[in-house]
Amino acid sequence: MGSIDYSQKIPNNVNLAEDRTLQRALEQWQPNFIDWWDDVGPDASTGYDVYLRTATSVDAQGWAHFDFVKMRDYRWGIFLQPNDPNRGIGFGDHKGEKAWTDVPGEHRANLRRIIVTQGDTEPASVEQQRHLGATAPSLYDLRNLFQINVEEGRHLWAMVYLLHKHFGRDGREEAEALLERRSGDENNPRILGAFNEKTPDWLAFFMFTYFTDRDGKFQLSALTESGFDPLARTTKFMLTEEAHHMFVGESGVSRVVARTAQVMKELDTDEVAQVRAAGAIDLPTIQRYLNFHYSVTIDLFGADQSSNAATFYSSGLKGRYEEGKRDDDHLLKGRTYKVLEVQNGALVEKDVPMLNALNEVLRDDFIKDSVAGIGRWNKVLEKAGVAFRLEVPHKAFHRNIGALAGIRTSPDGRVVGGAEWSANLDRWLPSDADRAFVASLMGRVAVPGKFAHWIAPPAMGINRQPIDFEYVRFG
Ligand code: BYC
C-alpha cells in the first residue's frame with residue numbers, strides 16, 4: 001500500500017497517472033526544479049556518484065534503499081503516508097469532524113500561507129549549504145551533506161504537490177516563486193530569517209542541522225496534526241527523513257567536541273590559543289556558534305503572541321507538538337500561558353491567552369528537546385575530564401522576532417545596556433576572527449576513512465558500511 005511507483009517520470013504513491021492535468025502541471029514544473037538545482041544546488045557535484053538512500057515505500061519498515069546515484073538523477077517524487085479514511089480532526093473548532101481531503105474555502109489563504117512558508121525553507125537550506133561540499137572533512141560527511149540536500153529537495157516537491165493539487169492557479173504561481181526566491185538575496189529573499197543566514201563552514205552546518213532542522217521536526221509535527229489530511233500525510237513522511245538530518249547535526253557537533261577535548265587533554269590546556277594552534281576548535285568558539293544558531297532558530301517559531309497562531313489552531317490547520325498525547329480539551333479557550341516581557345529593566349513572566357501563545361508553546365517544546373542533545377555533548381566533555389560545559393543561552397538572548405526583539409540580554413538572561421552589549425558581543429556571538437579561524441581549518445578530505453584533524457571519526461558508517469567505505473566517487 002505504501003509502495004512507490006518508480007516507473008513514472010515523477011515517482012509517487014498518489015496515483016499521479018490517474019490525474020492527467022496534475023501530472024502535466026508537475027511535469028512542467030520538474031525541469032524548472034532541475035534548473036534551480038543546477039543553478040544553486042550543491043556546487044560542482046554533477047559528476048559524483050553518491051551512496052544515497054532513496055525511499056522505496058512509505059511503510060515504517062524497509063523504506064530505504066541505498067545505492068550509488070548521481071544527485072541530479074535522484075528520483076525526487078511524491079510520497080504520502082497511507083490514507084486513513086476514518087481520521088478525524090483532533091483539535092480546534094472542528095474537533096471531532098472528519099479530516100478534510102480538500103481545502104475548505106474559508107481556510108484556503110491560511111493553508112496556502114503555511115504550505116508556502118514550509119516549502120520555502122527546503123530549497124533555502126540547499127542554497128545555504130551549496131558551497132560546503134568543497135570543504136567536507138571526509139567522504140562520510142560529504143555523503144551526509146548530499147543526502148540532506150536531496151531530501152530537502154524532495155521536501156520541496158512534497159509542498160509543491162500540495163500547491164499544484166489543491167490550490168489551482170495561485171498554487172502553481174506559488175510553486176514557481178519557490179524556485180525564484182534565493183537565500184540571502186536582497187531583492188527576493190527566502191521568507192524566514194534563519195534561512196537567509198549563511199552556513200559558511202561545517203561547524204555552522206552541524207549547528208544548523210542540530211537546531212534548525214529540529215525546528216523542522218517541531219513544525220512538521222504540528223502540521224501532521226492538521227485537519228487538512230493531505231498536509232498531515234505528507235508531513236508525516238517528511239519527518240522520517242528529518243530524523244537523519246538532526247542525527248548528522250548532533251553527531252557532528254559531538255565529534256567536533258570529542259576532538260577538541262582530546263587535544264585539550266593531550267596538551268593539558270584550556271588555553272584557546274593553544275587549542276587553536278593544535279588545529280582544533282576551542283570550546284568557547286563552539287559555544288558562540290551554538291548561541292548564534294540557537295537564537296536565530298528559536299526566532300523561527302514566530303512572535304510569542306500571534307493571532308495567526310490562534311487562528312491556525314482554532315481552525316484546525318496546525319496543532320501542537322504531539323497534540324494527541326495531551327490531556328486537555330484541545331480547544332484551549334480560556335486557558336493561559338506564560339510569556340516574557342521586559343518591565344523596569346528586567347524580564348518578567350506574564351500570563352496571556354494560550355491560543356495566542358501557541359508559537360511560544362511550540363518554542364518551549366523545542367527548547368526542551370534541544371537541551372537533551374547538549375547534555376550528550378557535555379557527557380563527551382565529562383568523560384574526557386574537561387570541566388567546560390556547553391549550554392543554551394537564555395530564550396531572550398539575541399532575538400529578532402516577537403516581544404523580545406531588540407531587547408539586549410546577556411546569554412544568561414540579564415537585560416544589558418548598549419555599552420555592555422557592544423563590549424561583549426565578540427564573547428557571546430561568533431566574531432569575524434572566530435569565523436576566519438574556523439574557515440582556516442576547512443578543506444576537503446577525500447581519502448576513504450580519513451577525517452580532517454578538527455573532527456573525530458563517527459562511531460559507525462552508513463547502512464552498516466565500514467567507516468572507510470568510499471561514500472562518494474568523484475567522476
Ligand atoms: N523570520 O504572527 P507571527 C524546516 C513573520 S523549518 C521572518 O508570529 P506566525 C527546515 C510572520 O511571517 C520549519 N519573519 O507569524 C529546517 C508574520 O509576517 P506578516 C518551517 C518571521 O504566522 C531546516 C510576522 O512575522 N516550517 O522545515 O504566527 C532545513 C508576525 O509573526 C519570522 C514552518 O515554519 C521569522 N523567523 O508564525 C530545511 C511552518 N517569524 O504576516 C527545512 C509553517 C515570524 O506580518 N509556518 N515572521 O507579514 C508557520 O507556521 C508560521 O508561518 C510561523 C510564523 C511559525 C513561521
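The values are calculated or read from the model by the stated rules, or taken from the named source; none is laboratory data. The model shown is predicted, which means the values in this text are computed figures rather than measured ones. Because the Cβ atoms are built from the backbone with ideal geometry, glycine has one as well, and the counts that use them run over all protein chains shown. Heavy atoms of the whole protein, side chains included, go into the accessibility calculation; ligands, DNA and RNA do not. Shrake-Rupley method; radii C 1.70, N 1.55, O 1.52, S 1.80 Å.
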The correct count of residues that are closer than 26 Å to Thr285 by Cβ, open to solvent by 40 Å² or more (accessible area, probe 1.4 Å) and within 25 Å of the chain's Cα centre (by Cα) in segment 452-471 is 2
Ala423 versus (1) farther than 24 Å from Gly249 by Cα; (2) open to solvent by 60 Å² or more (accessible area, probe 1.4 Å); (3) in a loop (DSSP other than H, G, I, E, B): which is the lone unmet condition?
(3)
Odd one out for Ala452, checked against (1) within 17 Å of Leu203 (Cα to Cα); (2) touching a residue at least 12 places away in the same chain (Cβ under 8 Å); (3) not in a loop (DSSP other than H, G, I, E, B)
(3)
Of the conditions (1) open to solvent by 10 Å² or more (accessible area, probe 1.4 Å); (2) more than 16 Å from the ligand (Cβ to nearest atom); (3) farther than 19 Å from Val116 by Cβ; (4) within 25 Å of the chain's Cα centre (by Cα), Arg233 satisfies every one except a single condition; which number is it?
(3)
Might you check whether a residue that is charged (D, E, K, R) and buried (at least 22 other Cβ atoms within 10 Å of the Cβ) occurs anywhere in segment 360-369?
yes
When the residues of segment 306-334 are filtered to those that are within 8 Å of the ligand (Cβ to nearest atom) and buried (at least 18 other Cβ atoms within 10 Å of the Cβ), which remaining residue is farthest from Asp351 (Cα to Cα)?
Lys318
Subset tally (residues that are β-branched (Val, Ile, Thr), surrounded by 21 or more Cβ atoms within 10 Å (Cβ to Cβ) and part of a loop (DSSP other than H, G, I, E, B)) for segment 64-102
1
Return the total of residues in segment 168-220 being open to solvent by 10 Å² or more (accessible area, probe 1.4 Å), among the aliphatic types (A, V, I, L, M) and in contact with a Pro (Cβ under 9 Å, 6 or more places away or on another chain).
1
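Condition check ((1) of a type in the set (A, V, I, L, M, F, W, C); (2) closer than 25 Å to Gly133 by Cβ; (3) in contact with a strand residue (DSSP E or B) (Cβ under 6 Å, 6 or more places away or on another chain)) across all residues:
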| position | (1), (2), (3) |
| --- | --- |
| Lys383 | no, no, no |
| Val392 | yes, no, no |
| Ala403 | yes, no, yes |
| Leu441 | yes, yes, no |
| Pro448 | no, yes, no |
| Asn463 | no, yes, yes |
Confirm whether Phe218 is among the aromatic types (Phe, Trp, Tyr) and under 19 Å from Glu152 (Cα atoms).
yes
Based on what the data block shows, is His164 near the ligand (Cβ under 8 Å from one of its atoms) and either among the polar types (S, T, N, Q) or in contact with a helix residue (DSSP H, G or I) (Cβ under 6 Å, 6 or more places away or on another chain) (or both)?
no
Sort out which residues of segment 189-230 are part of a loop (DSSP other than H, G, I, E, B), more than 9 Å from the ligand (Cβ to nearest atom) and farther than 20 Å from His131 by Cα, and write them in order of number.
Glu225, Ser226, Gly227
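Residue-by-condition table, conditions (1) of a type in the set (Asp, Glu); (2) at pLDDT 95 or above; (3) open to solvent by 10 Å² or more (accessible area, probe 1.4 Å); (4) assigned to a loop (DSSP other than H, G, I, E, B):
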position: Lys9; (1), (2), (3), (4): no, no, yes, yes
position: Gln30; (1), (2), (3), (4): no, yes, yes, no
position: Ile34; (1), (2), (3), (4): no, yes, yes, no
position: Thr46; (1), (2), (3), (4): no, no, yes, yes
position: Arg53; (1), (2), (3), (4): no, no, yes, no
position: Gly62; (1), (2), (3), (4): no, no, yes, yes
From (1) open to solvent by less than 40 Å² (accessible area, probe 1.4 Å); (2) part of a loop (DSSP other than H, G, I, E, B); (3) among the aliphatic types (A, V, I, L, M), pick out the condition that doesn't hold for Ile374.
(2)
Please state which of the following conditions Gly402 fails to meet, knowing it meets all the rest: (1) open to solvent by less than 20 Å² (accessible area, probe 1.4 Å); (2) within 16 Å of the ligand (Cβ to nearest atom).
(1)
